[in-house]
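K.L.:
Quick one: structure below, then a few questions.
The values are calculated or read from the model by the stated rules, or taken from the named source; none is laboratory data. Since the structure is predicted, the reported quantities are computational estimates derived from the model, not experimental observations. A quick note on method: Cβ atoms are made from the backbone with ideal geometry, for glycine too, and the neighbour counts reach across all protein chains shown.
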Amino acid sequence: MLAQRKVNGKDLAERIGISPVNLSRIKTGKISAVRFSTLDAICRALDCQPGDLLEYIPDDEVDDRMGLA
């Protein structure tokens, strides 16, 4: 979505009030929870829906999909 909107991570992080490191962790799936207020801010900044950003992965598939298996 960042590429589609031609926004880089640093600019998005600044717009929504989080650190670039935390945004990177969200993007790479290294954190297990995102506040609704953060998700709302990302969606507002990128003019998108949460479903454009999130994907459901069943627990038994997470390690495989993240390259940890």
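A quick yes/no check of all residues on (1) within 21 Å of LYS6 (Cβ to Cβ); (2) modelled with pLDDT under 90:
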site	(1), (2)
SER19	no, no
LEU23	yes, no
GLY29	no, yes
SER32	no, yes
ALA41	yes, no
GLU55	no, yes
ASP60	no, yes
LEU68	no, yes
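K.L.:
Identify, by number, the condition in (1) out of contact with any Cys (no Cβ under 8 Å at 6 or more places or on another chain); (2) touching a residue at least 12 places away in the same chain (Cβ under 8 Å); (3) surrounded by 12 or more Cβ atoms within 10 Å (Cβ to Cβ) that GLY17 doesn't meet.
P.N.:
Result: GLY17 fails condition (3) only.
K.L.:
Do we find that LYS10 is of a type outside the set (Ser, Thr, Tyr) and part of a loop (DSSP other than H, G, I, E, B) in this structure?
P.N.:
The answer is no for LYS10.
K.L.:
Would it be correct to say that ASP52 is of a type in the set (D, E, K, R), exposed (fewer than 14 other Cβ atoms within 10 Å of the Cβ), out of contact with any helix residue (DSSP H, G or I) (no Cβ under 9 Å at 6 or more places or on another chain) and part of a helix (DSSP H, G or I)?
P.N.:
no
K.L.:
Being assigned to a helix (DSSP H, G or I) and among the hydroxyl-bearing types (Ser, Thr, Tyr) is the filter; apply it to segment 14-31 and report the residue that is nearest to VAL62 (Cα to Cα).
P.N.:
THR28
A quick yes/no check of all residues on (1) surrounded by 11 or more Cβ atoms within 10 Å (Cβ to Cβ); (2) free of Cβ contacts under 8 Å to residues at least 12 places away in the same chain:
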| site | (1), (2) |
| --- | --- |
| ALA3 | no, yes |
| PHE36 | no, yes |
| CYS43 | yes, yes |
| LEU46 | yes, no |
| ASP59 | no, yes |
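K.L.:
Turning to a different aspect of this structure: Can you tell me which residue within segment 32-49, out of those that are part of a helix (DSSP H, G or I) and hydroxyl-bearing (Ser, Thr, Tyr), is nearest to ILE18 (Cα to Cα)?
P.N.:
The qualifying residue nearest to ILE18 (Cα to Cα) is THR38.
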